[in-house]
Every structure is written in C-alpha cells, then in structure tokens.
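First, the structure itself, so that you have it in front of you.
Bear in mind that the values in this text are calculations on the coordinates, not laboratory data. On a predicted model such as this, the values are computed, not experimentally measured, just so you know. Cβ atoms come from the backbone with ideal geometry, glycine included; neighbour counts cover every protein chain shown.
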Amino acid sequence: MAAVPFFMLFELVPITRYHLLIALAIFAAASLTDAVDGKMARKYGLVTDFGKLMDPLADKLLVIAALVGFVQLNIADAWIAMIIIARELLVTSIRLVALSGGKVIPANIWGKVKTATQMSVIIIVMLLCGLGFTGGVGDICRSVSYWLLWAAAAVTAISGVEYFIENRALFRDR
C-alpha cells in the first residue's frame with residue numbers, strides 16, 4: 001500500500017464553519033503582525049532591501065493561500081483568484097527586472113491599498129462564511145462575499161496597471 005501524501009490528509013477532514021473561523025483567527029493574526037512589524041521596522045530604522053522584497057512576497061503568499069482555499073470551498077470564482085495571482089506575478093516580475101539592474105522597488109501607495117483591501121475582504125468573507133448563516137441571511141452573506149471579492153480583484157487589477165505604468169521605464173532601458 002502506497003503512503004498517502006501529507007497534503008491529501010486534509011481532504012479527509014470535513015470543512016465546517018469552525019474551520020473558517022479558525023482560519024480567520026490565523027489569517028487575522030498574520031495580517032496584524034505584518035502591519036506591526038512594518039511599522040516597527042520603519043520606526044527603528046530597520047528597513048532593509050531584503051525586507052522590501054520579502055515582506056510584499058509574504059503578503060502575496062498569505063492572500064493567495066486564502067484565495068485558493070476560497071476557490072476550493074466554492075466561496076470565490078477561480079477568475080477572482082486568477083486576476084489577483086496574475087497581478088502578483090506581474091509585480092514580482094517587475095521587481096525582479098528592477099533588481100537585476102540594481103534597483104529595489106518598494107511598495108507604493110497603491111500596493112498598500114491593494115494589500116489592505118485584500119486582507120480586509122478576506123477577513124470579512126471568512127467571518128461571513130464562517131458564521132454559517134442559512135436561508136435568506138446565508139444568501140445575503142454569500143452575495144456580499146462574492147461582490148467584496150470582485151471589488152478586491154478590481155482594486156488589485158488597478159494597482160497592477162498603475163505599477164506597470166509607473167515602472168515602464170524599466171522595459172524601455174532593456
């Protein structure tokens with residue numbers, strides 16, 4: 001008998017609303033510590049080029065993990081996740097191109113708004129879906145979640161276009 005891969009064990013656990021509430025607590029704690037460590041780094045002059053690259057990457061991975069879970073649970077359309085993931089890959093690629101030229105591009109205001117929007121929406125959606133409302137209230141919660149996720153995808157797309165326009169000179173120089 002072949003061994004079952006570790007990640008497949010999660011398929012054996014039925015996902016209940018309590019799982020979403022636990023995920024909400026973990027996600028909210030990770031989001032909060034991300035905000036706090038950024039403020040502390042700026043306050044105490046501990047901002048590094050490594051931190052400028054890795055902090056946004058950690059944010060992206062946190063958001064992508066939540067979105068993949070939402071798609072698996074039929075909370076979000078795959079298109080929402082793809083729009084957000086595509087933007088994140090585009091921005092990461094732009095940062096890598098800049099880095100190859102010796103330039104580090106920190107997050108701009110649009111990136112910060114995008115991250116705050118994504119994390120806030122994910123927390124609200126986890127809360128709405130995790131409370132397990134049924135009937136008309138449940139339908140309203142699912143509808144609100146759906147539109148909030150599309151709004152986050154729209155902000156994400158706008159921030160990606162703005163980021164590309166702001167850094168288009170990187171591609172002219174090559």
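Cα axis of helix 49-72 to longest principal axis of the chain: angle in degrees, 0 to 90, nearest 10?
In the chain, helix 49-72 runs at an angle near 30 degrees to the longest axis.
A follow-up question, please. Round to the nearest 10 and give me the degree value, 0 to 90, for the angle of helix 17-43's Cα axis relative to the longest principal axis of the chain.
Rounded to the nearest ten degrees, it is 20.
Next up: Mind jotting down the distance between the C-alpha centroids of segment 96-121 and segment 14-77, whole Å?
15 Å
Loop-only trypsin sites (Lys or Arg not before Pro) in segment 50-130, please: DSSP not H, G, I, E or B, and at most 16 other Cβ atoms within 10 Å.
Those satisfying the criteria are LYS103.
Let me ask something else about it. Compute the signed sum of charges (Lys and Arg +1, Asp and Glu -1) over the other residues within less than 13 Å, Cβ to Cβ, of VAL36.
0
Among SER100, ALA152, ILE122, flag the residue with its Cα farthest along the positive direction of the charge dipole of segment 42-172, charges on Cβ as +1 for Lys/Arg and -1 for Asp/Glu.
SER100
Relative to the present Cα-Cα distance, how much length would full extension add between TRP79 and ALA29 at 0.36 nm per residue of separation?
That pair, TRP79 and ALA29, stretches by 15.3 nm at full extension.
What is the mean projected area of the alpha carbon convex hull for segment 42-172, to one decimal in square nanometres?
8.9 nm²
Still on this model: How high is the relative contact order of the chain, in percent, counting Cα pairs under 8 Å that sit 6 or more residues apart?
31 percent
Tell me, which longest segment in the chain has none of the chymotrypsin sites (Phe, Trp or Tyr not before Pro) that fall in DSSP loops with at most 15 further Cβ atoms within 10 Å?
My reading of the result: 45-132 is the longest stretch.
Same structure again: Hey, what angle do you get for helix 78-100 against the long axis of the chain, alpha-carbon based, 0 to 90 degrees rounded to 10?
Value to nearest ten degrees: 20.
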